[in-house]
Amino acid sequence: MIVIVVPLKDGKFLMVRNPKRGWEFPGGKVERGETPREAAMRECLEEAGAKLKNVWEIKRSEQMIVFAAEIEEIKGGEMKAKLFEELPENLSYPEEEAREFLNLAGFQNLYRKHSHI
């Protein structure tokens, strides 16, 4: 099972830059002994250094669960992380999919400029 998390903070969303694939929401595989929600929180902490609160499920399929969450704090992780107000170029997956996840998470500010963490 794969989990993806759409982290939100102050009207912005967080993405990480995968060196091989481009910008994406934090995520990864659910490890043995953890729930999908725990995996989403762990992946976000490892990849972006972001501690989450209020994590909720927004989409589920046979092989993937997508969560949204509020960011409690950001300390830095394994990948470059950045808060955005609009989707960046060089996404690792189709823009339509990223927009769907943002819409499901309740994010509405899709047409503004980005800012740094």
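Coordinate-derived values only; no laboratory data. Please read these numbers as outputs of a predicted model, since none were measured by experiment. For neighbour counting, all protein chains shown are included, and Cβ atoms are generated from backbone atoms with ideal geometry for every residue, glycine included.
If you take every residue apart from Ile71 with its C-beta less than 10 Å away from the C-beta of Ile71, what net charge results, scoring Lys and Arg +1 and Asp and Glu -1? Numbers along the way, then the final one.
On the way: positive: Lys9, Lys12, Lys51, Lys53; negative: Asp10, Glu70, Glu72, Glu73.
So the surrounding residues net to 0.
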Quiz prompt | the chain: calculated mean residue ellipticity at 222 nm from DSSP helix runs of at least 4, using -39500 (n - 2.57) | solution = -6000 deg cm²/dmol
Quiz item: Which angle between 0 and 90 degrees, to the nearest 10, do you get for helix 95-104 versus the longest principal axis of the chain when only C-alpha atoms count?
Solution: 70
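What order do you get for Trp23, Trp56 when you list them from fewest to most C-beta neighbours inside 10 Å? Provide the component values of the computation, followed by the final result.
On the way: Trp23 21, Trp56 11.
Ranking Trp23, Trp56 by Cβ neighbours within 10 Å, fewest first, gives Trp56, Trp23.
Which entries in Lys29/Lys53; Lys20/Lys80; Lys20/Lys75; Lys51/Lys82; Lys20/Lys59 show an alpha-carbon gap greater than 18 Å? Mind showing how you got there, number by number?
Values: Lys29/Lys53 20 Å; Lys20/Lys80 12 Å; Lys20/Lys75 23 Å; Lys51/Lys82 14 Å; Lys20/Lys59 26 Å.
Correct reply: Lys29/Lys53; Lys20/Lys75; Lys20/Lys59.
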Quiz item: How big, in percent, is the set of alpha carbon pairs in the chain lying more than 17 Å apart?
Solution: 49
Quiz item: Where is the GNM fluctuation largest for the chain (alpha-carbon springs, 10 angstrom cutoff): Gly27, Gly106, Gly49?
Solution: Gly106
Quiz item: Normalised by the number of residues in the range 2-104, what is the relative contact order in percent for Cα pairs under 8 Å and 6+ residues apart?
Solution: 34
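Multiply the residue separation of Lys20 and Leu104 by 0.36 nm, subtract the distance between their alpha-carbon atoms, and state the gained length in nm to one decimal. Present the calculation step by step, with values, prior to reporting the outcome.
On the way: separation 84, 0.36 × 84 = 30.24 nm, distance 2.66 nm.
Gain on stretching Lys20 to Leu104: 27.6 nm.
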Quiz item: Of the peptides 65-77, 29-41, 3-15, 89-101, how do they stack up when ordered by the mean number of other Cβ atoms within 10 Å, highest first?
Solution: 3-15, 65-77, 29-41, 89-101
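Given +1 on the Cβ of Lys and Arg, -1 on the Cβ of Asp and Glu, and no further charges, what dipole in debye does the chain carry about its Cα centre, rounded to the nearest 20?
220
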